[in-house]
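Derivation of every value follows stated rules applied to the coordinates shown; laboratory data play no part. Here the structure is a predicted model, which means the values were calculated and not measured. Please note: Cβ atoms are built from the backbone with ideal geometry, for glycine as well, and neighbour counts cover all protein chains shown.
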Amino acid sequence: MSALRPSPITPTVDFERDGVQHGFLRLPYSRDDSAWGSVMIPVCVVRNGKGSTALLTGGNHGDEYEGPLALYELARTLDPKNVSGTVIIVPAMNYPAFRAGTRTSPIDNGNMNRSFPGRSDGTVTQKIADYFQRELLPRGDIVFDFHSGGKTLDFVPFCAAHTLQDKAQEAKAFAAVEAFSAPFSMRMTEIDAVGMYDTAAEEMGKVFVTTELGGGGTSRAETVRIARRGILNVLRHAGIVDGAVEKSRTQWLDMPSGDCFAFAEDDGMIETMVDLGEPVEDGQVVARIHPVGRTGQAPREIRARMSGLLAARHFPGLVKAGDCVSVMAMAVR
Ligand SMILES: [Zn+2]
């Protein structure tokens, strides 16, 4: 089967060597401006003897910045003396997308988080996914993937894991979420789980933890602080980095069903009626979409289909039919 060809990616680091290594996952990509060129995906390995391995990624989507800001810094500062085991850091997983500042890759339009398990003979994005699927994920005991809302969504800052069939695996993931100590912690439901990195990691039995920390195609001082402190907390919690977890209060949230999500049915200009984190009653208007082609037309109201708080909202001022307008979550505990 073609998918079982070896990966074309060559790491310039040795995952078994002690110390700090900064290198690349080199992926051949021949193109007009570079005949025998490669995509050079930055990778850092910090290893100190035997122990658990953490696989840390940002830039799965190229327009989300808290993860890369936390992980380039961690790669620059993590001292192997404080490590027991291995930390593998890929701060910009979909590197072509990250360099372009776009969610998906400008090379092949690939959405990394819909490309798993990938293909070794596929597009650039599929080849990166395949390398994670077959080479990096199997090394990880704990797998942490940073996300934020990107250019089109904005979230209350939360760390998250999924409800899983395997309750022991689920409990380990939720314990790591709790250790991250974001202002909010989410029991997450996916609307479109096929092809996700999350699913690939969970199906391998890994402890998988993710985030949504802000968005809008940029970062904020607060969300970057949350990311940097949180990832160290998770590494301490896993026993990979020395020191005590700096716990702070977190509000657990649940996304119990598809009723969490609201989608635009019209194009127009969006008026948010509720700000992130504010309480919302079932049936309350959370946003209005104003038609702009002519004056004298009433806005279309978007109503919440459950009570809770506003966890995410569409970010840019204009929406199109089908855009995700709002995500509700329910406070638990
Ligand atoms: Zn994302």
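Observations on the model:
- Antiparallel content of DSSP bridges confined to the chain, in %, to 5: 70 percent
- For CYS44, CYS324, the sequence from fewest to most other C-beta atoms within 10 Å is CYS324, CYS44.
- Aspartates and glutamates whose Cα lies under 16 Å from that of LYS172, excluding same-chain neighbours fewer than 8 positions away: ASP141, ASP145, ASP198, GLU202, GLU203
- Ordering GLY239, ALA179, ALA304 by the projection of their Cα atoms onto the charge dipole of the chain, which places +1 on the Cβ of Lys and Arg and -1 on the Cβ of Asp and Glu, puts GLY239 at the extreme positive end.
- Helix content alone sets the calculated 222 nm mean residue ellipticity of the chain: runs of n ≥ 4 DSSP H residues at -39500 (n - 2.57) each, divided across all residues, give -6000 deg cm²/dmol.
- For segment 13-134, share of DSSP beta bridges that run antiparallel, in % to the nearest 5: 75 percent
- Selection from ILE88, TYR131, MET269, by position along the positive dipole direction of the chain (Cβ): ILE88
- Legend: ranking of residues ILE142, ILE231, ILE107, ILE270 from fewest to most surrounding C-beta atoms inside 10 Å; resulting order ILE107, ILE270, ILE142, ILE231.
- Cα gyration tensor category, rounded, prolate or oblate, for segment 87-161 with a/c compared to 1.5: oblate
- Euclidean distance of C-alpha centroids, segment 203-276 and segment 1-48, integer Å: 29 Å
- Between the alpha-carbon centres of segment 70-133 and segment 165-196 there is a gap of 20 Å.
- For ARG187, nonlocal amide neighbours, meaning residues 5 or more places apart or on other chains whose placed amide H falls under 5 Å from its own, are LEU253, ASP254, MET255.
- Counting charges near VAL325 (Lys, Arg +1; Asp, Glu -1) among other residues having Cβ under 13 Å from its Cβ returns a value of -1.
- Within the shell of other residues whose beta carbon sits under 15 angstrom from the beta carbon of GLY37, the net charge comes to +2, with Lys and Arg scored +1 and Asp and Glu -1.
- Amide N proximity, segment 196-219 versus ALA175 label position 7 Å along Cα-to-Cβ, cut-off under 15 Å: 206-209
- What the Cβ-Cβ distance of ARG99 and ALA221 gives, at R0 = 22 Å and to the nearest 0.05, is a FRET efficiency of 0.35.
- Charge tally for GLY62 (other residues, Cβ to Cβ under 9 Å; Lys, Arg +1; Asp, Glu -1): 0.
- Phi angles across segment 300-307 convert, under the Karplus curve 6.51 cos²θ - 1.76 cosθ + 1.60 with θ = phi - 60°, into 3J(HN,Hα) values of 8, 8, 10, 10, 5, 9, 7, 8 Hz, Gly and Pro given as x.
- Annotation: amide H of SER326 within the under-5 Å range of ALA262, HIS314, sequence separation 5 or more or interchain, hydrogens built in the peptide plane.
- Legend: ranking of residues MET273, MET328, MET196 from fewest to most surrounding C-beta atoms inside 10 Å; resulting order MET273, MET196, MET328.
- Taking 22 Å as the straight-line reach from the Cα of LYS151, the lysines in range (excluding those fewer than 8 positions away in the same chain) are LYS320.
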